[in-house]
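Asks: Take this structure, written in structure tokens, and hold onto it; I'll ask about it next.
Taken together, the values in this text are just the output of simple stated rules run on the coordinates, not laboratory data. The model shown is predicted, which means the values in this text are computed figures rather than measured ones. Backbone-built Cβ (ideal geometry, glycine too); neighbour counts: all protein chains shown.
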Amino acid sequence: MPIQGRFFRRLSEGVAALARRLRRDERGAIAVQFALLALPLSILIFGLVDVGRLSLQRRQMQDALDAATLIAARSTAATDAELDAAGDAAFLAEIAGMNLGLTASNSTFTAGTNNRVVGSVTATLKPIIANFWQRGDFTVTARSEVVRSSKDLEVALVLDITGSMGGTRIADLKVAASDLVDIIVRDTQTPFYSKIALVPYAAGVNVDTYADAVRGPVPVRDVSNVAWVASGTPITAITKAWPARVTSNNHGLVTGDKVLITGINASGSNSMSSLNGQTYTVRRDTNNRVWLDGVNTTLKSNYSSGGTIQKCLTSNCSLVVTTGASHGFSTGDQISFTGIGGTTTLNGQTVSITSLTSTTFDTGVAGLGTAAYTSGGTATCEQSTTPGCRRLAYVSNWGNNKVRSISTCVSERTGPQAYTDAAPSTAYVGTNYPSVSPETNSPNPCPSAKITPLSSDKASLKAQINAYAAGGSTAGHIGLAWGWYMVAPNFGYIWPSASQRPAAYKTKDLMKVVILMTDGAFNTPYCNGVIAANAGAGSGSDDDHINCNATNGDSFSQARALCTAIKNSAYDITLYTVGFDVGSDATARSFLTDCASDSSKAFFPATGSELKSSFKAIAQEISSLRISK
């Protein structure tokens, strides 16, 4: 108990005892003394009431400060100024009606160490009776500390930069998205971090230098050998006849085989050695003899010795390349070569191949006269009718032959992992062969804006956003998928820096958020890396679409499946959607409402200013949830 309290308790007890004695004492002197003491004793007794009132006011002030500090800690305020503003408002609300005579200037709220919020208040309370024996007012102080609960924050911002977002729309989006970055990403990244990843999308998502890792690299195979004839068997005789007959034990040849003859020794001016270095077609006679079709040796001198007959590896005696591992190339693929030692004639050439085995293919380049292979070299797939090579040859929806070049954009993943966050090392996402000039008269290119992995660098994030340009059709389902991938731990190994890699799902004190923004219908699904035949209106010319329907179905169907997968409780991801000026588009509104984690997280701004307000509201709600959830 405070000293003042103990003093006044003892004083009151003494006064009461004295009064009892005086009531029993009937002597006149004592009565006079009691009369003289009555007034000061009364003042002291009433002072006890004064002190009790002050004690009550101090308790009320402490309670109000405790509540206000807690409210400030749960707010989104970060700086001392923001905390003070939030705390002052809460403090005034708490003391309203208490008649304590306090104002906002009495209280102060600041950020303390170790994620604490510190509140303090100083008050001057006026006594009623006590100032008879002391000068001035009572000065009372109170202090409160709250450990601010918080969470790490990983947010993927998926932004529509399609052609319909041109003009003021893209300008409004840049402001809205930049404001969101400012609110969500805190200047102080300890003890809790807050990061944002950016996924701008149009006809696809540009993954930039990560393309090889996520959709697979263009196939490049190491060359282990180049040859055009087999090892062969020794020649022991050649007849002077038409056609000539060659004896070579266990030659293994069949009728129609092409062969090369080399190494016959000279035996005169018109010797059999003239057969050297030439290719011939044989007819099988026995296991040990073959005829050389059309070869007349009747005028040659007799065979002397030596020579080898070697079977060509192909029917046209062309060069056959062997790769160290399965090449994966198909007949008709166009393959280029570089760095081959010895058989340098292939270097710099691009040829249409015939696949022979999983590790060999026929180049179609004549082998006769080429130097023997020595070492090294690579074979690269330049063009194919299946996705993966540098160029894709396909038939358009109008029946025309087209050729497109691969881009650093990607399309949707197909197969069993289409709607999962499985690592690209398990299942690649789709390739993208966009419609670009001069390949087409109606370009629908890979957007220049690229993805940005999780980052707390506000300046860099806003610089990326401010560089966005509108153009192209709407593959919103691909954008949504990449929003998920940016916060998916299974994709983390792709990013070069540990700070860019998302934490595991349901890590303690972690929030993961995906925000999908679009201004209209999704209309751009793919088949074999080209916009599908059944793509929606606004996705470019039918002549630029491939003549097959979308592998996974239409864009909205794919997006719905992704929404369901993302909201699986195993991931604990909060999903927001923003439909910018979608108006009466019932399909878009229904999709966006259903896609969000709940209907309160679906926003439908109609104007640029409403778009900014929606983004701000989302940012503030995320920040609030981050602190209080």
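Asks: If you average the alpha carbon positions of the stretch 63-93 and of the stretch 474-496, how far apart do those two centres end up, in angstrom?
Replies: The distance from the Cα centre of the stretch 63-93 to that of the stretch 474-496 comes to 38 Å.
Asks: Would you compute, from DSSP H runs of 4+ residues alone, the mean residue ellipticity of the chain at 222 nm, taking -39500 (n - 2.57) per run and dividing by the full residue count, rounded to the nearest 500?
Replies: -9000 deg cm²/dmol
Asks: Moving on to the next point. Once the principal axes of the Cα atoms of the chain are found, what is the range along each, listed largest first in whole angstroms?
Replies: 175, 53, 34
Asks: Within the set 450/508; 195/508; 174/402; 174/506, which residue pairs have Cα atoms separated by over 28 Å? Write out the running numbers ahead of the final one.
Replies: Details: 450/508 31 Å; 195/508 16 Å; 174/402 37 Å; 174/506 31 Å.
Violating the 28 Å limit, Cα to Cα: 450/508; 174/402; 174/506.
Asks: Further question: Work out, step by step, the length gained on full extension between residue 442 and residue 366: first 0.36 nm times the residue separation, then minus their alpha carbon distance; give nm to one decimal. Don't skip to the end; give the middle numbers.
Replies: Details: separation 76, 0.36 × 76 = 27.36 nm, distance 4.16 nm.
Additional length available on full extension: 23.2 nm.
Asks: Please work out the Cα center distance from the stretch 150-227 to the stretch 515-573, rounded to the nearest Å.
Replies: 18 Å
Asks: Within 10 Å of each candidate Cβ there may be at most 13 other Cβ atoms; applying that plus a DSSP loop requirement, which chymotrypsin sites (Phe, Trp or Tyr not before Pro) in the stretch 307-414 survive? Before the final figure, lay out the partial values.
Replies: Details: sites: 329, 337, 361, 373, 394, 398; in loops: 329, 373, 398.
Answer by residue number: 398.
Asks: So for the stretch 261-302, Kirkwood radius off the Cα pairs, Stokes-Einstein at 4 °C and 1.567 mPa s: how many µm² s⁻¹?
Replies: Details: Rh = 11.3 Å.
Answer from the Stokes-Einstein relation: 115 µm²/s.
Asks: Here's a follow-up. Need the full-extension length gain, residue 62 to residue 222, defined as separation in residues times 0.36 nm minus the C-alpha distance. One decimal, nm.
Replies: Working: separation 160, 0.36 × 160 = 57.60 nm, distance 7.70 nm.
49.9 nm is the gain from fully extending residue 62 to residue 222.
Asks: Another question, then. Mind giving me the FRET efficiency for residue 570 and residue 534? R0 is 35 Å, r the Cβ-Cβ distance, nearest 0.05 is fine.
Replies: 0.60
Asks: Obtain the radius of gyration and the Kirkwood radius of the stretch 154-293 from its C-alpha atoms and give Rg over Rh.
Replies: Reported Rg/Rh, Kirkwood definition of Rh: 1.61.
Asks: Determine, for each peptide in 231-237, 512-518, 539-545, the mean count of other beta carbons within 10 angstrom over its residues, then list the peptides with the highest first.
Replies: In decreasing order of mean packing, 231-237, 512-518, 539-545 become 512-518, 539-545, 231-237.
Asks: I've got another one for you. So what's the gap between the Cα centers of the stretch 423-458 and the stretch 380-414, to the nearest angstrom?
Replies: Taking the Cα centre of the stretch 380-414 as reference, the centre of the stretch 423-458 is 14 Å away.
Asks: Could you state the principal axis extents of the C-alpha atoms in the stretch 229-311, from the largest down, to the nearest angstrom?
Replies: For the stretch 229-311, the Cα spread along each principal axis is 32, 23, 19 Å.
Asks: Further, regarding this structure: Between residue 325 and residue 400, what is 0.36 nm times their sequence separation minus the Cα-Cα distance? Round to one decimal in nm. Display every interim value, and only then the final one.
Replies: Numbers: separation 75, 0.36 × 75 = 27.00 nm, distance 3.53 nm.
Working it through step by step, the gained length comes to 23.5 nm.
Asks: Here is a follow-up. Please go through the stretch 377-469 and write out the GluC sites (Glu not before Pro) that DSSP classes as loop and that have at most 16 other C-beta atoms within 10 Å.
Replies: 439
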